[in-house]
1. Across the stretch 114-121, in residue order, what do the Karplus-derived ³J(HN,Hα) couplings come to in whole Hz, using 6.51 cos²θ - 1.76 cosθ + 1.60 with θ = phi - 60° and x for Gly and Pro?
2. If the stretch 265-409 were replaced by its equivalent ellipsoid, with semi-axes equal to the square roots of 5 times the Cα gyration tensor eigenvalues, what would those be, largest first, whole Å?
3. Where the only charges are on Cβ atoms (+1 Lys, Arg; -1 Asp, Glu), what is the dipole of the stretch 360-496 about its Cα centre, to the nearest 20 debye?
4. What does the charge count around Cys291 come to, taking other residues whose C-beta lies under 10 Å from its C-beta (Lys +1, Arg +1, Asp -1, Glu -1)?
5. Could I get the Rg over Rh figure for the stretch 328-394? Both from C-alpha atoms, Rh via Kirkwood, rounded to two places.
6. State to the nearest 20 debye the size of the charge dipole of the stretch 340-383 about its Cα centre, where the only charges are +1 on K and R beta carbons and -1 on D and E beta carbons.
7. Determine the per residue accessible area of the stretch 367-526 with all protein chains present and a 1.4 angstrom probe, expressed in square angstrom.
8. To the nearest 20 debye, what charge dipole does the stretch 465-521 have about its Cα centre, counting +1 at the Cβ of each Lys and Arg and -1 at the Cβ of each Asp and Glu?
Amino acid sequence: MGGNMNMTVKTIAVKLPRVLFESTDCSLAEAGKPGLPDDCKLYCAEDDKLDLKEILGIVDQASRLGVEEIIITDENFSVHPWFFDILAHIRINGLRAGFCTFGMGITREVAQRLFTDGVNVILMHQDLFPKKTTGSGDNCFCVDKEILKDQDAYRENNTSSSGKPSGEPCSVVGKGFYNICDIVNIFMSAGYPDDNAKLFLESIISREHLTGIPGFWRWARDNKLVPLMTLPVPGLFVGADSDKKHCRLPEPDDVRALFEELSGIDAVKYKINWKPLPPIPGPEIPSYLRCCTVTDTGDIYPRKRLPISLGNIRQKPLGVILKESEVLMNLAGENGKIKIKGPCRRCDDADQCCGSRALAYALTGDYMGSDPFCWKNQDKIDQIVHLPASVDAFIPQKRPIQVITKLIAVKERYAEIESVIPHDTIFLKKDGTLEEVILFEMMAQAAAAMNGFEGFDTGESPHQGVLLGGKNIQILDKIYPEVPMTIQVTKKAKLGGFGVMHGIVLCGDRPVAEGNFKVFREDEIV
Ligand code: SF4
């Protein structure tokens, strides 16, 4: 139940909301989409999304915390109308600015302004643009579905400056990579890249793109651009996009062969030496991939591709969220070394690699677990805990005293546990219901399972916790054997080794018990 008293966050990415424009026929569309009439006026961002004032406030807070760089992430079909206001605010605060973009709507003039301001640009590969939602209903915009189709439709209707459809595979860059030369040329003609204004090219190592990557890599290096290749994270793209072929993971051995090939290209042709290790190819992991991200609804993620909410800036100041976050503290590790569980901890390369936290979380539910996609772990998958998992290894209690069954999920100071009490339990009453006392015991064992899982297979002795008592525990309903229950436990506050936790037991959606309890952990005395 620690805190980040000494941790410093240097870079924060802020995702801009989608902006819709209203046409004279009252249909709404995204800026920059083909077919959008000239007389459109700015409508607004969706209700739950951050507004400009909130985003400027995040910049102010970040500046006071000592953050050095803000990366503006804009996935709109044109440069966001707030972009230059935010950029100016970042500069007034004396911070560096980065701009993560699909490159749509970038003109020579825009590129020149970015270069003059020393903005690092991360150009995301356009072919990976996630499909846009076209929902309707009370909480959705009434979007003109004929206009708002996915990126394929955009490419079909759009032509590059060379007159060639921009959806054509680019023979210069590599198979599977659509023509990104035009947009890169705009940035290069504005002066990119140089030491003060770098140009990163981000793309995904998917099955579809695999054979084209060495060509893409050489082309980027020849043009002094920084290639940034990441593995797709299952489930990160919403809805149908997660199934699209451009998001499919290749085989681990194919990834190893690719990393070795790229390492060889760099060593021989560019005199850049690095060892091929997960999670990305290249000599270092750029801060952009390791920085906290504020989503367009104000949630803070510890990494761009690690969707665990640490808190929301509408509910708590940024500094408090970062300081309280255990996820962030665990990912920072001690002296830069993080304690990964399982086979990664025993790996020969553990002093310079911790695998992909995003893939570990997506594939196992444990952001501190071993990377199950690493080629070196393919014969050790059974040594990696995948959630949901039996709690037997995480708590000392055994049946019939054990009253919880499975650990379902672990997030920021929060865990979800399942309980199914068998018919032959010693807690069965004559009327067929269960003793109410086990509801509090479920909360206590759930808290123990959360702590036990945190320390499991880390090479350290198990965390010893002591339950000091409950407060305001309410029993709300009867419970029965063989009926699945869910226990949600949240760490609410801590002082030294003492902590206050909140627990709720649910039967379906119905709460059957709720309350707070105090715990003590010797290893957390500060
Ligand atoms: S086993 Fe883990 S530590 Fe070793 S190379 Fe693979 S991801 Fe890195």
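1. With the stated coefficients, the stretch 114-121 comes to 5, 5, 4, 7, x, 8, 6, 10 Hz.
2. Value: 29, 24, 12 Å, ordered largest first.
3. 400 debye
4. Net of charged neighbours comes to +3.
5. Checking Rg against Rh, the ratio lands at 0.95.
6. So the magnitude is around 100 debye.
7. The answer is 49 Å² per residue.
8. The dipole magnitude comes to about 400 debye.
The values are calculated or read from the model by the stated rules, or taken from the named source; none is laboratory data. Because the structure is predicted, anything quoted here is derived from the model rather than measured. For neighbour counting, all protein chains shown are included, and Cβ atoms are generated from backbone atoms with ideal geometry for every residue, glycine included. Quick note on the areas: whole protein, heavy atoms, side chains included, nothing else; ligands and nucleic acids left out. Shrake-Rupley method; radii C 1.70, N 1.55, O 1.52, S 1.80 Å.
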